[in-house]
């Protein structure tokens, strides 16, 4: 069957997702239309196609252990000069994204892997384009704001055409924050607090 390239991410919902995708294309990022706007939990990873059922079972278990949390984006940041990326910052929900990506990449799971750089949750809006366009992305989206309740994540596969397509969505197992013994913050909804 060969190998497939997969990724796991949290989709940025509409209307924000399309708006940021259009802006990314407008800055000259040729890959923009093939990449849905997202927060990465597992970067592009090559796996044997026969491993997909095990990946699905693993992600189902990760989602079952998660619960909804608030996500808020605000302003821009960059990884330059280390990496040619401009992104929209996650100002609420970053700890939850970190918790999730650790479980997705768990050493005992089917997609265990090391990362090229330390994990830093973000929403890419420009990648690998010229410096002037990167500067424009950084400046023009500096006032960008969005927020939504994150209720799950999805598995994507990259086609031979370079386009990422959703294979399956995984909803978090609990829609309500369960009571935490000895914690007064029962209503907070953060999965990072466990």
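Quick notes on this structure:
- Residue exposure sequence - 104, 47 - by fewest surrounding Cβ within 10 Å: 47, 104
- The alpha carbon convex hull volume per residue for the chain rounds to 124 Å³.
- Volume per residue of the C-alpha convex hull in the stretch 58-142, rounded to whole Å³: 99
- Ordered by the count of other Cβ atoms within 10 Å of each Cβ, fewest first, 6, 35 give 35, 6.
- Cα centroid separation, the stretch 1-29 to the stretch 117-171: 5 Å.
- Nitroxide proxy distance, nm - points 7 Å out along Cα→Cβ at residue 80 and residue 107: 3.8
- Shape of the stretch 124-168, Cα gyration tensor, a/c cut at 1.5: oblate
- Contour excess over end-to-end distance, with Cα ends at residue 14 and residue 167 and 0.36 nm allotted per residue: 53.2 nm
- Ordering 129, 10 from the fewest to the most neighbouring beta carbons within 10 Å gives 129, 10.
Taken together, the values in this text are just the output of simple stated rules run on the coordinates, not laboratory data. Because the structure is predicted, anything quoted here is derived from the model rather than measured. Positions of Cβ are generated from backbone atoms using ideal geometry, with glycine treated the same way; all protein chains shown enter the neighbour counts.
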